[in-house]
Amino acid sequence: MNHLTASEKSTLEAALREEHSRALKQLHQDQAQRGENQYSEILGRASGDSSDEALAVTLGDLSAARLEHEVRHVRELEAALARVKDEDFGFCQDCGVAIPLQRLVANPSATRCVVCQGQFEKTHAHHGHGSL
Ligand SMILES: [Zn+2]
């Protein structure tokens, strides 16, 4: 059942770790930035300018959605890291076909083959976040 060699798996694991630390760093940066946004939101409120206040709230909502996306990405990578040594890593979770190594290298946290991922995205339409 194992279609990946040990060296292919370590390549993938390295790619996962690299992407994980990059994503985590980005997340921390955005969290810090969001903290600043909230701070200026409070300052804006104190000045009593309602248009600035509205803008600050909009920015806050945007970064909340982005943070959520980044947290999800970090968790996906952590899940993939936890799975990478498993026998069944690299097989589509829906149809069980071996996911091509190329796809795993490009997207190490992929848990579906291209066909099933396409179907999954169709049934869970998320406004074109089709990069997975
Ligand atoms: Zn599949």
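Overview of results
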item: Qualifying positions in segment 1-29 - buried (at least 16 other Cβ atoms within 10 Å of the Cβ) and part of a loop (DSSP other than H, G, I, E, B); result: 4
item: The one condition in (1) modelled with pLDDT of 85 or more; (2) away from the ligand (no atom under 13 Å from the Cβ); (3) farther than 23 Å from residue 8 by Cα that residue 81 fails to fulfil; result: (3)
item: Looking only at segment 94-110, and only at residues there that are within 18 Å of residue 79 (Cα to Cα), in contact with a helix residue (DSSP H, G or I) (Cβ under 8 Å, 6 or more places away or on another chain) and assigned to a loop (DSSP other than H, G, I, E, B), the one that is nearest to the ligand (Cβ to nearest atom); result: 94
item: Counted residues, segment 87-128 - those being modelled with pLDDT under 85 and under 19 Å from residue 20 (Cβ atoms); result: 5
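The values are calculated or read from the model by the stated rules, or taken from the named source; none is laboratory data. Since this is a predicted model, take the numbers as computed values, not measurements. With ideal geometry, Cβ positions are generated from the backbone for all residues, glycine too; neighbour counts draw on all protein chains shown.
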